[in-house]
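Notes follow the structure.
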Amino acid sequence: MEVKILTEHYDDDNFRTLEGYKAKGGYVELEKAFKMKPEDIIAEVKASGLRGRGGAGFPTGVKWGFLPNNGETRYLLCNADEGEPCTFKDRMMMERAPHQLIEGMIISAFAISSPKSYIYIRGEYVYAAKVVEKAIKEAYDAGLLGKNIMGSGFDHDMDIYLGAGAYICGEETGMISSLEGKKGQPKLKPPFPAVQGYLKKPTIVNNVETLAAVKYIIRDGAEAYKKHGTEKSAGTKLFSVAGDVNKPGNYEVPLGYPLMDLINNECGGMKGGELKAAIPGGTSAPIITAEEIQKATLDYECLAEMGTMLGSGSIVIMNDKRCMVDMLKVISHFYHHESCGQCTPCREGTGWLHKLVGSVVEGTAQETDIDLLCEVANKMKGRTICALSDAAALPVLGIVPKFRDEFQFFIREGYSKVKGQAHA
Amino acid sequence: MFELSADGKEFVKKELARYETIESAIIPSLYQVQKENGGWVSEDAIAHLSDLMGIPEARINEVFHFYTMFNKKPVGKYHVQVCCNVACAMAGTREMTDMFLDEHKVKEGEMTEDGRFTFTRVECLGACDKAPMMQVNEDYYEDLTPESARNLLRDLK
Ligand SMILES: Cc1cc2nc3c(=O)[nH]c(=O)nc-3n(C[C@H](O)[C@H](O)[C@H](O)COP(=O)(O)O)c2cc1C
Ligand code: SF4
Ligand code: FES
């Protein structure tokens, strides 16, 4: 069953306006937060077990605790770059509930004592950016942003920044470079942004969904928030489901929810064929087979145990008419296209992967190339500035071993085992 | 020689003051140029921006070349960007793009002879539940079929 905390009022068209948002309890928690001590808010977020919804799942309160106490200006950056393929939850959140994000951000900014925040929105999301910009203006006009918000003595300015088409700007240090008006190239960590980020100042980067959730932790308290989910995966989460199901879309379910239930209940079951596989967590996450899906629950620990990850919460469902060689071709094209080129293993490796998968499809590959694919992928892991290189390697290391027969067949016969000769 | 309109110059001036560093104004200013220049950014426009912003051309070029949304050569009145990432590819957008290119007798990334269209395959646009989808200039078109997509392009004014 869906548990709608973030999305409770998303069907209400008015929810995106300040008036409509206030009618549903909007900005009540901001007032509540202002009566709390900043350190108590951080403690509450820590106690809630909230983990970052952008991909890595890092505990939010812990990250906030890394900020140095050196009197430097702190910045808050909302990651609304949403570039992970097949993720579309942040766009919906911004379009339907911009004030929910803004309120979550002001509370978070107050907690970490930050006078300035940016929402970095991917360039393609022109409409979402317009909605958010309008909401920010409404908030300023109502005294919810700017000087002495609600008479609390807290000042905060917020602005949006529109990217211009680069997946790598979703990586936090890439995003910071981009916001500073440079190429969006990641930087080596440490130093982590919390210590040295935007303009070399302490900076907290959090995903849209993470920051919006903060409001509900203040509303319900950490204990109530933790009632949903599992021990290590607290709360509810939005899942963007796409592919071969009858009702693709965004669904908010408690973490720990069985993937089969999501497919059968919320998504209306399979479309066009029997269940074959799923890619949870964005295309960087290794694929899981139908058999594994039966046992999969949507929490950080279960998916990690299966050798994959929850990631951004995108799930692509595939039926038995899907050719895995073809799927990998699409995926490896993406990473090759998006590598920023700074690190040799990533720049060269993504090129190799793309070329090798291509050669399988074009009929110029040999069976030894299957192992070569995995070898190249293995060499790309854990040795680059950012995790894009790993993100490109992992899908290969998931798909190739699990569907090796399809690669062998393609190489031997020159056409897809699944699609048959007619599609050759 | 390209020159921004008075409003465009005013916009750039405001952007220069909007962020903590003036370089952050490069992306918004490139967007403004692209808007006023029929969808792409020319070399002389970069020189013009450089003068206007007091930022070296090389620095602006660095940003310009990094981001895919800035067009490096003229594009059609309608820039049709078809998503060919996983969910859309599964829903047939690769074949749909081939159909467009075929019917309009044009190569990917090139402009049709009448200047109406440029077709480009792009990565996931975050509307995968509505696959197959494409973006024409700023607007999303979702849940397409080859027929509906063809009609849509025909009817664009
Ligand atoms: C290649 C790459 C792309 C990423 N893209 C995104 C993204 O689009 N959105 C996002 O929120 N995080 C993305 N991340 C994760 C961010 O670096 C960062 O961990 C996250 O924004 C932190 O927020 P959270 O803790 O609230 O999840 C990406 C990471 C990598 C390595
Ligand atoms: S791993 Fe790839 S994307 Fe990340 S910094 Fe290195 S080259 Fe760039
Ligand atoms: S795959 Fe096409 S919009 Fe995401």
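Things to note:
- Whichever residue in the range A:1-21 is touching a residue at least 60 places away in the same chain (Cβ under 8 Å) and in a helix (DSSP H, G or I) and, among such residues, is surrounded by the most Cβ atoms within 10 Å (Cβ to Cβ): A:Tyr21
- All told, B:Ile55 meets the bar of being under 24 Å from B:Lys13 (Cβ atoms) and either within 16 Å of ligand 3 (Cβ to nearest atom) or not in a helix (DSSP H, G or I) (or both).
- Boolean, A:Ile119 is within 14 Å of chain B (Cβ to nearest Cβ) and either over 22 Å from the mean Cα position of the chain (by Cα) or part of a strand (DSSP E or B) (or both): yes
- Candidates A:Ala128, A:Ala164, A:Ala139: the one that is touching a residue at least 40 places away in the same chain (Cβ under 8 Å), more than 11 Å from chain B (Cβ to nearest Cβ) and surrounded by 19 or more Cβ atoms within 10 Å (Cβ to Cβ) is A:Ala139.
- Single match in B:Met90, B:Met99, B:Met111 (criterion: over 24 Å from A:Cys323 (Cα atoms) and either away from chain A (no Cβ under 14 Å) or away from ligand 2 (no atom under 16 Å from the Cβ) (or both)): B:Met111
- Output for the range A:267-296, where each listed residue is modelled with pLDDT under 95 and surrounded by fewer than 20 Cβ atoms within 10 Å (Cβ to Cβ): none
- Scanning the range B:7-30 for residues being free of Cβ contacts under 8 Å to residues at least 24 places away in the same chain, closer than 22 Å to A:Gly165 by Cβ and in a helix (DSSP H, G or I) gives a total of 5.
To keep it simple, each residue is scored yes or no on (1) surrounded by 15 or more Cβ atoms within 10 Å (Cβ to Cβ); (2) modelled with pLDDT of 95 or more; (3) more than 8 Å from every other protein chain (Cβ to nearest Cβ); (4) on the phi < 0 side of the Ramachandran plot.
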site: B:Val12; (1), (2), (3), (4): yes, yes, yes, yes
site: B:Thr21; (1), (2), (3), (4): no, yes, no, yes
site: B:Tyr67; (1), (2), (3), (4): yes, yes, no, yes
site: B:Gln81; (1), (2), (3), (4): yes, yes, yes, yes
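- Scanning the range A:244-265 for residues that are within 18 Å of B:Ala87 (Cα to Cα), in a strand (DSSP E or B) and under 18 Å from the mean Cα position of the chain (by Cα) yields A:Gly249, A:Asn250, A:Tyr251.
- Total residues in the range A:351-401 satisfying the condition of being part of a loop (DSSP other than H, G, I, E, B) and surrounded by 15 or more Cβ atoms within 10 Å (Cβ to Cβ): the figure is 7.
The values are calculated or read from the model by the stated rules, or taken from the named source; none is laboratory data. Just so it is clear, the model here is predicted, and its values are computed rather than measured. So basically every Cβ, Gly included, is an ideal-geometry build from the backbone, and we count neighbours across all protein chains shown.
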